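So the structure is just underneath, and the comments pick up after that.
No lab work stands behind these numbers, since they all come straight from the coordinates. This structure is a prediction, so every number in the text was calculated from the model and none was measured. Positions of Cβ are backbone-derived with ideal geometry, glycine not excepted, and every protein chain shown enters the neighbour counts.
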Amino acid sequence: MNAMTQKPFYKDELTWLHQAHQIIGYCPQFDALIDNLTGRETLQMYCLLRGIPNSEIPQIINKLADDLLFTKHIDKKVMAYR
């Protein structure tokens with residue numbers, strides 16, 4: 001850590017910024033779900049916001065849906081979940 005900035009020392013600021021983005025969370029100030037999107041579209045949006053490569057997103061979404069027993073609902077509009 002650099003004592004002056006209290007952040008880890010990296011070769012450049014872009015590397016530091018990339019590392020910081022990997023640990024930043026999201027705390028919505030209102031409902032984080034958009035009613036007109038499907039569950040799949042919502043997860044895709046959050047994957048993209050987290051920087052997950054497009055090529056990996058479908059596999060991640062399908063695994064989440066399977067693991068959470070949500071597969072039959074994943075393509076329904078979020079408004080149907082309420």
Within the stretch 62-73, residues assigned to a helix (DSSP H, G or I) and surrounded by 10 or more Cβ atoms within 10 Å (Cβ to Cβ) come out as 62, 63, 64, 65, 66, 71, 73
Can you tell me which residues in the stretch 50-61 are in a helix (DSSP H, G or I) and touching a residue at least 12 places away in the same chain (Cβ under 8 Å)?
57, 60, 61
